[in-house]
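In what follows, a structure is listed as structure tokens, so that the remarks can point back to it.
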There are 2 protein chains.
Amino acid sequence: MAEKLHNHSRLCIHTMTTKPWSLQEAIDGYVRAEVPNITVWRNHIEDYGAKKAGKMLRDSGLRVTSLCRGGFFPATGAAAREAARDDNRRAIDEAVAIGAPLVVLVCGAVPGMELAVARQQIIDGIEAVVSHAQDAKVKLSIEPLHPMYADDRSAVNSLEQANNMVMALNSPWVGITVDVYHCWWDPMLKAELQRAGRTIFSFHVCDWRTPTRDLLTDRAMMGEGCIDIPRIRGWVEQTGFKGPIEVEIFSNDLWEWDQKKLVERVKRAYLTSV
Amino acid sequence: MAEKLHNHSRLCIHTMTTKPWSLQEAIDGYVRAEVPNITVWRNHIEDYGAKKAGKMLRDSGLRVTSLCRGGFFPATGAAAREAARDDNRRAIDEAVAIGAPLVVLVCGAVPGMELAVARQQIIDGIEAVVSHAQDAKVKLSIEPLHPMYADDRSAVNSLEQANNMVMALNSPWVGITVDVYHCWWDPMLKAELQRAGRTIFSFHVCDWRTPTRDLLTDRAMMGEGCIDIPRIRGWVEQTGFKGPIEVEIFSNDLWEWDQKKLVERVKRAYLTSV
């Protein structure tokens, strides 16, 4: 079991957790609440452009944990796959512009495409952009997604698969993002976390609601679902991970809240249930 | 790839696929449509009792593939676990009464219970009822459920886990039910099907809809989702499986159809997309 978290120094919030807020509102809200770290979603920088967003973030004093998200490599036809790689190169450039040391990859899947084919296209796609990442000094992390997203979001659905891909790609710029929501059910979770070791580049938390009313946007606040988050955090930290703990919650319910109160609720849940 | 299915001799329909129909209506509907096999859900025999349901089924000439479902072994407290085992013994007795050679187990899970604990309680629970099954000459099959049901329906979420349990239980009366809906995403599926071999007791089909709008009741007709069913059927049949192919679809959409037309649609999809 992990040692209890006593302050918010490692707390990071994803801009998607406070989706109704613009990037400026999120920056202001996190700074006001003394949340020190932010992960920025690309849709939240669209209105500003990466350059201006970067200035806003630097001026704020927030540390940028990562940019979400690159990926979506599988596609039908070489031209579409090259377009996906170009988009990932742009994501890497945007990460540089906003001061993010990491781009998280939601690797992609195409309904009806054989999963083994999609998985190979993912490996090939990451391999094609890794030199761009290295030149930019931006890391890339493969985030295995829950198997319920294997149709159209990611053909990488277990930590074992992600670990195999990281081994195959064999670059210090490629690692793994662990999200308790996607991995909590996995009987091999502890063993595969140990295997991942120092290739764990980032760590996301939220909780699994029973019943889950929507596959994408019904995630729960930490402590309000069935995931033993402290236990999984303990396993992650046994590998030496000391990075930010990122709260990423997609929730129609919570997006309807006053987002300022939501941030306070995140802060409380972080201390009691992470 | 499996050889194309040319007739409906192996087609089986679950009474839950035509949920609005009573057991009598389902029997009449399947007989009229020349569907030769039926899997009966316990909720569909409640109104009649197992004895009367058994007579209705014998009189119909339908072959009963299995009774759905036993399981739900994990519980907090020894008394609750014993009650669950008793319920499974009753399910076995009901299977005898309706002429079903198999009880399918949805093994159970309790939100917040450590999954490793739930998994052990499942093994212990099956072990406790297997002699009852043997005496009744009724087989039991572990159906691994999709990981999105790990919170409250089943802590057995991969074929690998189910295979491990079958090995641990080491009884000719305990095997596996494979459902493409639960397993299609699994990168180890082909290998674990080979490993399961003759312990595959039954085989369920439906399809995965994109987007899936409900975790439980938005399954698709075969051919209308992203699962390559013929490919998986081929793998299943490479093990020597020649049993019924069971159409089990939970779908709010399809339950609103004229159920007679639905059965015809099942028959067409069975020939084109299984």
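Straight-line reach from B:Lys51: which lysines have Cα under 24 Å away, leaving out those fewer than 8 places along the same chain?
Correct list for B:Lys51: B:Lys19, B:Lys137, B:Lys139.
What's log10 of I(q)/I(0) for region A:11-273 at q = 0.12 Å⁻¹, Debye sum over Cα points only, no solvent?
Each listed q corresponds, in turn, to -0.68.
What FRET efficiency would be calculated for the residue pair B:Asp28, B:Asn7, taking the C-beta separation as r and a Förster radius of 25 Å, to the nearest 0.05?
0.70
Of B:Phe73, A:Phe203, how do they rank once you tally other Cβ atoms within 10 Å and put the fewest first?
So the ranking, lowest neighbour count to highest, is A:Phe203, B:Phe73.
With a 10 Å radius around each residue's Cβ, average the other Cβ atoms per peptide and rank A:116-129, B:229-242, B:48-61, highest first.
Packing order, densest peptide first, comes out as A:116-129, B:229-242, B:48-61.
Say R0 is 51 Å: what FRET efficiency, to the nearest 0.05, do A:Thr239 and A:Asp47 get from their beta-carbon distance?
Using R0 = 51 Å, I get an efficiency of 0.85.
Looking at A:Asn170, A:Val138, A:Gln120, which one has the Cα that reaches farthest to the positive end of the dipole of chain A (charges on Cβ: Lys, Arg +1; Asp, Glu -1)?
Most positive-ward Cα: A:Val138.
Using only DSSP helix segments of four residues or longer, with each worth -39500 (n - 2.57), what per-residue ellipticity at 222 nm results for the protein assembly as shown after dividing by its residue count and rounding to 500?
Computed mean residue ellipticity for the protein assembly as shown: -13000 deg cm²/dmol.
Going toward the positive end of the dipole of region B:11-273, with +1 on Lys and Arg Cβ and -1 on Asp and Glu Cβ, which of B:Ala50, B:Ala196, B:Leu11 do you reach last?
Farthest along the dipole direction, towards plus: B:Leu11.
Any chance you could run the full-extension gain for B:Arg213 through B:Ser171? It's 0.36 nm times the residue separation minus the Cα-Cα distance, nm to one decimal.
Gain on stretching B:Arg213 to B:Ser171: 11.2 nm.
Based on alpha-carbon centroids, what's the gap between region A:188-232 and region B:222-264 in Å, whole number please?
32
Residues of region B:14-37 with the amide nitrogen closer than 15 Å to a label point 7 Å from the Cα of B:Glu256, along Cα-to-Cβ, please.
B:20
How far apart, in nm, are two points set 7 Å out from the Cα along the Cα-to-Cβ line at B:Asp124 and at A:Glu114?
Spacing of the two 7 Å Cα→Cβ label points: 4.4 nm.
Ignore the peptide's own chain and count Cβ atoms of other chains within 10 Å of each Cβ in A:144-150; give me the average, rounded.
If you average over the peptide's residues, the count of other-chain Cβ atoms is 5.
For B:Met16, A:Met222, what's the fewest-to-most ordering of other Cβ within 10 Å of each Cβ?
Least crowded to most crowded, the residues run B:Met16, A:Met222.
Using amide H atoms built in the peptide plane, which far-off residues or other-chain residues are under 5 Å from A:Trp41 H to H?
Distant-sequence amide H within range of A:Trp41: A:Thr15, A:Met16, A:Cys68.
Which whole-number percent of Cα pairs in the protein assembly as shown have a distance greater than 40 Å?
Every Cα pair in the protein assembly as shown considered, those over 40 Å come to 29 percent.
Compute the relative contact order of chain B as a whole-number percentage, counting only Cα pairs closer than 8 Å that sit 6 or more residues apart in sequence.
Computed over chain B, the figure is 21 percent.
What number comes out for the charge environment of B:Thr212, summing +1 per Lys or Arg and -1 per Asp or Glu over other residues with Cβ under 14 Å away?
After counting each charged neighbour, the total is -4.
Setting aside same-chain residues fewer than 8 positions from B:Lys4, which lysines have a Cα under 21 Å from its Cα?
B:Lys190, B:Lys242, B:Lys267
From other protein chains only, count the Cβ atoms within 10 Å of every residue's Cβ in B:187-194, then give the mean.
Counting Cβ atoms of other protein chains within 10 Å of each residue's Cβ and averaging gives 2.
Cα centroids of region B:33-75 and region A:36-114: how far apart, whole angstrom?
Spelled out, the Cα-based centre of one part sits 53 Å from the other.
Taking chain A as a Gaussian network, Cα atoms linked when under 10 Å apart, which of A:Leu145, A:Leu216, A:Leu189 shows the biggest mean-square fluctuation?
A:Leu216
All of the numbers you see were taken from the coordinates with simple rules; none came from a lab. A quick note: this is a predicted structure, and the numbers were derived from the prediction, not measured. We place every Cβ from the backbone using ideal geometry, glycine too, and count neighbours over all the protein chains shown.
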